[in-house]
1. Filter the range 28-59 for residues that are exposed (fewer than 10 other Cβ atoms within 10 Å of the Cβ) and either under 18 Å from Gln100 (Cα atoms) or basic (Lys, Arg) (or both) and give the result.
2. Could you grab me the full set of residues in the range 61-86 that are exposed (fewer than 13 other Cβ atoms within 10 Å of the Cβ) and under 30 Å from the mean Cα position of the chain (by Cα)?
3. Could you tell me whether any residue of the range 86-99 is without any contact (Cβ under 8 Å) to a residue 24 or more places away in the chain, in a helix (DSSP H, G or I) and small (Gly, Ala, Ser)?
4. Is one or more of the residues making up the range 114-121 modelled with pLDDT under 90 and surrounded by fewer than 10 Cβ atoms within 10 Å (Cβ to Cβ)?
5. Here is a check on your reading of the model: is Arg105 modelled with pLDDT of 95 or more and of a type in the set (Lys, Arg)?
6. In this structure, is Thr89 exposed (fewer than 15 other Cβ atoms within 10 Å of the Cβ), under 34 Å from the mean Cα position of the chain (by Cα) and closer than 21 Å to Ala45 by Cβ?
7. Taking only pairs six or more apart or across chains, which ones have beta-carbon atoms under 7 Å, a first residue in the range 33-46 that is closer than 16 Å to Gly107 by Cβ, and a second residue that is among the aliphatic types (A, V, I, L, M) and at pLDDT 90 or above?
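The values are calculated or read from the model by the stated rules, or taken from the named source; none is laboratory data. Remember, predicted model here, so these are calculated numbers, not experimental data. Don't worry about glycine lacking a Cβ; one is built from the backbone with ideal geometry, like all the others, and counts go over all protein chains shown.
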Amino acid sequence: MMGTAERHRESGGGTREREEAERRQPLWVEEPARRRRLPDPVRTAAVRAVIIVALTLVQAMVAFLAALAGSWLSFPMVLSSVASTVVATWGVLDVWVTRQVWNQRNGVVSMPSSTARRLRRERRRARREARAMARGKERIRGRSGPGQLSHP
């Protein structure tokens, strides 16, 4: 069963509320990103490293508190914290190496005036000229073959 307030809302009585909602400022405003998004492999490695480092810090804190309390658990926790520190260091290095490998394989965004682009353009031009010269020589050789009717 519908009450009178529900019937009032369904019949269009809530227009004042809608107008107020339209006048209010939005909760957030979309802004363009300032930096480009990390490539997927690098982002995956970074997330993995953050999780490993966070767990290592929690483990080190537990080891410290267990040592303060004089618990028997403090010694195994300290040993595992040392091992976790090694793993966390590996995780952070993994982010760095993954980023370097990605940049090497996929290249970095270069400016039009970069040296590498200029060198590539020069190499391309030299190759085109070499191919054109080879085609020209081939045409000349083809004309002077057997069966030529003009004087030698």
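1. If the condition is that a residue be exposed (fewer than 10 other Cβ atoms within 10 Å of the Cβ) and either under 18 Å from Gln100 (Cα atoms) or basic (Lys, Arg) (or both), then Arg34, Arg35, Arg36, Arg37, Asp40 are the ones that fit.
2. Matches in the range 61-86: Ala83, Val86.
3. no
4. yes
5. Criteria not met by Arg105.
6. Spelling it out, Thr89 is indeed exposed (fewer than 15 other Cβ atoms within 10 Å of the Cβ), under 34 Å from the mean Cα position of the chain (by Cα) and closer than 21 Å to Ala45 by Cβ.
7. Within 7 Å, the pairs are Leu38/Ala46; Val42/Val95.
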